[in-house]
Amino acid sequence: MAPEGAIVKELAAQLLCAAGLSKLGRRQNRRRLAILMFHGVEPEPLSPPCWHVLDAATLRRQLDYVRRVFSVLPLEEALDRLRRGTLPDHAAVITFDDGTQNLLTQAAPILRDLGLPAAVFLATGPMGSAETLWPDRLWLAFARTELPEADLTVLDLGRHPLGDDAQRGAAYAAAVHRLKELPDAERADRLETLLAALGADVTEPGPFRLLSWDEAHELTRAAEVALYPHTSTHPILSRCSDDKVEREVSESCAILERETGCAPVIFAYPNGRAQDFDDRAKAALRRRGVRWALSTTHGFADGSSDPLALPRIGIGSDLSPARFRLLVSGVSG
């Protein structure tokens, strides 16, 4: 049964849509660019819930709505037209971060069926291996542990019960949030301590297996998809040393250029909040010839936006159809 707060939110969203607020929001934001941010896509919802993984039916429903009410453009064209002031009204782009294998098996058929272009940002280092990105390793540990509670004292978070999916999801969310605030080396050390304490086998990547390069190229043939860099190992750049910031940017850009034959001009920051990247990252991007970088700061992009800190609209698995319509219209965040 859904929590009472979620039921109230959903009823409010339905009432706002019925009152025409989503249409009003789209009208008010019609000259701005909606950069929609998705991640992984699985055939069914994950259990426990994972905010950044949608089920395929939900993605299809959402993208069908986007196709009907927005003018969906390829990312590079949209950003160039934003720069030149020639965006069509109600412009939107579709982006996927991380580059999980399920984008080929689940997202590509939907994009192809709906005739929609998309951009995929690849964490290039672990591609083609069983290695997963660190937040996803943590989710696997909470999902698979047989412990009745999680000891999160290594993160100063005490003990959390793991009796059901809601409790596992809440414990994961608390742990991953705390880890994101730590310096990169300390985050890695505490993550390993926590994984050992949870005692689950996280060697099988499940829904978080990353594309190989052969699969990434197949993805571009299966749908209108362009590939761009998302660092090599997905650290939070502002928490990294100068050398690591440079290496994460340059290595991911270099391999994209090698694999696609084009030097990438667009980049997406891992995690991407305003505090997750800094002037060092921007300088490294400029040295690689990157013209635009996408953050996860919520909002629409317009002519006043910093081209190396463009806002996006993050789409999570907790959105009902009504809340999704409000979110992409700019009514709620």
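Accessible surface for the chain, divided over its residues, is 43 Å² per residue with a 1.4 Å probe.
Based on Cα atoms of the stretch 172-272, Rg over Rh with Rh as the Kirkwood radius reads 1.02. The charge dipole of the stretch 214-333, taken about its Cα centre with unit charges on the Cβ atoms of Lys, Arg (+1), Asp and Glu (-1) only, comes to about 320 debye. Return the Rg/Rh value of the stretch 91-140, two decimal places, where both radii are evaluated on C-alpha atoms and Rh is the Kirkwood radius. Across the stretch 91-140, the Cα-based Rg/Rh ratio is 1.03.
Based on Cβ point charges of +1 for Lys and Arg and -1 for Asp and Glu, what charge dipole magnitude is obtained for the stretch 57-117 about its Cα centre, in debye rounded to the nearest 20? Kindly include the intermediate steps, with their values, before the conclusion.
Details: 8 positive and 8 negative charges, 42 e Å.
Here the stretch 57-117 has a charge dipole of around 200 debye.
In the stretch 1-153, taking the dipole from charged Cβ atoms about the Cα centre, the farthest positive-side position among Leu82, Leu138, Ala118 is held by Leu82. Put simply, the amide H of Ala226, placed in the peptide plane, has neighbours under 5 Å in Ala118, Ala119, Val120, leaving out anything fewer than 5 places away on its chain.
For the chain, what is the relative contact order in percent, using Cα pairs closer than 8 Å and at least 6 residues apart in sequence? Intermediate results must be reported in sequence, preceding the final value.
Details: 632 pairs, mean separation 77.2, N = 333.
Result for the chain is 23 percent.
Considering only alpha-carbon pairs that sit under 8 angstrom and 6 or more positions apart, the relative contact order computed for the stretch 277-333 is 27 percent.
Quickly rank 91-98, 162-169 as a protection proxy: mean count of other C-beta atoms within 10 Å, highest first.
Working: 91-98: 25.4, 162-169: 16.0.
Averaged packing, sorted descending, gives the order 91-98, 162-169.
Out of every Cα-Cα pair that the chain contains, those further apart than 32 angstrom amount to 28 percent.
Label zone of Arg30 (point 7 Å out along Cα→Cβ, amide N under 19 Å): in the stretch 71-91 this covers 71-73, 82, 85-91.
What per residue convex hull volume, in Å³, comes out for the stretch 48-109 when only alpha-carbon positions are used? Mind showing how you got there, number by number?
Numbers: hull volume 6.7 nm³, N = 62.
Dividing the Cα hull volume of the stretch 48-109 by its residue count gives 109 Å³.
Extension gain for Glu224-Thr260 works out to 11.5 nm (0.36 nm per residue, less the C-alpha to C-alpha distance). Peptide packing: for 253-265, 288-300, the average count of neighbouring Cβ atoms within 10 Å per residue gives the ranking 288-300, 253-265, highest mean first.
Summarising the amide proton neighbourhood of Gln101: residues at separation of 5 or more, or on other chains, whose placed amide H is nearer than 5 Å comprise Arg209, Leu210, Leu211. Look at the dipole of the stretch 15-126 built from charges on Cβ: of Gly99, Cys50, Leu16, the Cα furthest out on the positive end belongs to Leu16. The lysines whose alpha-carbon is closer than 22 Å to the alpha-carbon of Lys23, local same-chain residues fewer than 8 away aside, are Lys9.
Can you give the helix-only mean residue ellipticity at 222 nm for the chain, where every DSSP H stretch with n ≥ 4 adds -39500 (n - 2.57) and the sum goes over all residues, rounded to the nearest 500 deg cm²/dmol?
On the way: 12 runs with 143 residues, N = 333.
Helices in the chain give a 222 nm mean residue ellipticity of -13500 deg cm²/dmol.
In a simple Cβ point-charge model (Lys, Arg +1; Asp, Glu -1; nothing else charged), the chain has a dipole of about 1720 debye relative to its Cα centre.
The values are calculated or read from the model by the stated rules, or taken from the named source; none is laboratory data. Model, not experiment: these values are computed from the prediction. Neighbour counts are summed over all protein chains in view; Cβ atoms, including those assigned to glycine, are modelled from backbone coordinates with ideal geometry. These area figures cover heavy atoms from the full protein model, side chains too; ligands, DNA and RNA do not enter into them. Shrake-Rupley method; radii C 1.70, N 1.55, O 1.52, S 1.80 Å.
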